[in-house]
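For reference, the structure discussed in these notes is given below.
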Amino acid sequence: MSEENWIEVGSTDSIEEEDLIRFDHQDKTFCVYKLTDGFYATDGICTHEAVHLEDGLVMDDEIECPMHQGIFNIKSGEALSPPACEDLKTYPVKVDNNKIFIKID
Amino acid sequence: MKNNIIILGGGQAGVYAAREIRQNDSKSNIKILGEENLLPYERPPLSKDFLLDKKKEEDLCFHSSDVLKNENIEFENISITKVDFENKKLFTKNDDVYIYDSLLISTGSENKKLTLDNNLKNDIYYLRNLEEAKKIKELVSNKNKITIIGGGFIGLEIASSLSQLQKKVIVIEIGNQLMGRIIPKQIADLVQNTHIEHGNEIILTKQIEKITKKNGDYEILLNDNSLIETDFIIAGIGSTPTVKLFENTNLKLDNGIVTNQFCETSIKDVYAAGDVSNFYHPLYERNMRLESYQHAQNHGICAGKNIAGVKTEYISIPWMWSDQFNLNLQLTGICNDYDEIIERGNDINNGVIYFFLKNKIIRGACGLGIAGKIGRDIRITSKLSEKNTIVDKQILSDQNQKLNKLIQK
């Protein structure tokens, strides 16, 4: 894991608890979440149809797609409820000096 | 104890019930009897991504045969022609017999058909199942001017898809607005404008007097004496619950199979779920019949729990969606029983939602926006309405204020 793959997302207070922000980097788009026990990151686009999860509802450890209510576990990316059936990719997150970083492969 | 559980109807409600039963009961035999020679599949893409060739047949199944096999759920493609509730038996036309201890009826609903001259019966196309979608997809490829009779969800979704395939589309609706059975006029008008902007013609408040076949094309005469020339006709004029099999039995029918909040019918050990069921909803204190993806799934799951002995009330808040062009329409709760309307947003790019309140409590909401823009607020509305939360109207009407603050934990 090389250091240069850690990309700065923003400050830790840029996300409210149990909420998310969208983060775009180069040609990719992500969602970065603040849950009660820390920060997490997933791909930004729902695996069911091409809609961004930035407008979805975060409940506990889950993100619900705003278009068709497919549900994913934010920590594991597991698709929990149809119409979503393909898992969402997740990314490592670290916090350093009140800044959030995600590791993009 | 090992039981024979039969699920009559191989759609979404049936397969979700089967899997839920298995979650709670590892021993019983579970068999789904389906009339289509296909494992249960998703219908929403048929009028959209399937017509547009973005989704293929193999993308549609809910679960692979391996999933069902691993859970020891049998699927059989067979048509039942007679039911003997007293002796708990189902018969095929060849008099093959299926014996059950518990029966779930999830036969769904079927398209209403236009009353027409017999010579034209094979000229009007309907879309409910994969076979019909395949036929329409193949036949429209060399047609240019297509008329859709009925301005409901299915007709408008097909109109949107065909417009994207560069077809000239005309929609004829008998009512004075689109989707009039459940969608509020405010949202229906926004949808209508979008169709018109994309070149579709929308004709409201007109009835069809006569359809005449001319050299392979058609002339449709409307009740204002106007004439529409078209080369293909699709009708989407609503549906009725599939209950013919039960008409001369003791099963209580009234706009579908009447069930209580536990999916139980009037006959012991017989349950019904999904489109076919006219179920009691404890929150609204009345019976209702719903035709939607979320309902088929959740009602099936609820029936599965009850069949497996886990007594569970069905209290899911109705929710449905329709995708047309780049817009996503969503409705939650009920939007026709209210004393106050609150509007949130006025631009479909950011989403527009109308909330319907009664005695200060949200009964329902309907919204429209570019894909995804209204989903979170509609979902929060479901939660608020489920808990009968009295809400701050100023927050509801202000798009800059997040609604998740209103959810009480």
For the stretch B:280-311 the number of residues that are among the hydrophobic types (A, V, I, L, M, F, W, C), crowded, with 24+ Cβ neighbours inside 10 Å and in contact with a helix residue (DSSP H, G or I) (Cβ under 7 Å, 6 or more places away or on another chain) is 3
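Here is a list: B:Ile315, B:Ile361, B:Ile380, B:Ile348. Which entry is open to solvent by less than 40 Å² (accessible area, probe 1.4 Å) and either more than 12 Å from every other protein chain (Cβ to nearest Cβ) or in contact with a Cys (Cβ under 9 Å, 6 or more places away or on another chain) (or both)? Full working, then the answer.
On the way: B:Ile315 fails: open to solvent by less than 40 Å² (accessible area, probe 1.4 Å); B:Ile380 fails: either more than 12 Å from every other protein chain (Cβ to nearest Cβ) or in contact with a Cys (Cβ under 9 Å, 6 or more places away or on another chain) (or both); B:Ile348 fails: open to solvent by less than 40 Å² (accessible area, probe 1.4 Å).
Going through B:Ile315, B:Ile361, B:Ile380, B:Ile348 in turn, the sole match is B:Ile361.
How many residues are over 11 Å from B:Ile370 (Cβ atoms) and within 11 Å of chain A (Cβ to nearest Cβ) if we restrict to the stretch B:324-333?
Residues meeting the conditions: 3.
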Notebook entry, point to check: Any residue in the stretch B:179-199 that is modelled with pLDDT under 95, open to solvent by 50 Å² or more (accessible area, probe 1.4 Å) and β-branched (Val, Ile, Thr)?
Noted result: yes
Flagged in the stretch B:264-279 as open to solvent by less than 20 Å² (accessible area, probe 1.4 Å) and outside any loop (DSSP other than H, G, I, E, B), in numbering order, are B:Val270, B:Ala272, B:Gly274, B:Val276, B:Ser277, B:Asn278, B:Phe279
Taking the stretch A:28-51 and keeping only residues that are among the acidic types (Asp, Glu) and farther than 23 Å from A:Asn5 by Cα, one is left with A:Asp37, A:Glu49
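Residues that are on the phi > 0 side of the Ramachandran plot and in contact (Cβ under 8 Å) with a residue 12 or more places away in the chain, at least 1 per element: which strands (runs of 3 or more DSSP E) completely within the stretch A:30-70 meet that? Talk me through it step by step, then tell me what you get.
Values: elements: A:38-43, A:57-59, A:62-64.
Here the list reads A:38-43.
The values are calculated or read from the model by the stated rules, or taken from the named source; none is laboratory data. Predicted, not measured: the structure shown is a model, and the values here were computed from it. Cβ atoms come from the backbone with ideal geometry, glycine included; neighbour counts cover every protein chain shown. Heavy atoms of the whole protein, side chains included, go into the accessibility calculation; ligands, DNA and RNA do not. Shrake-Rupley method; radii C 1.70, N 1.55, O 1.52, S 1.80 Å.
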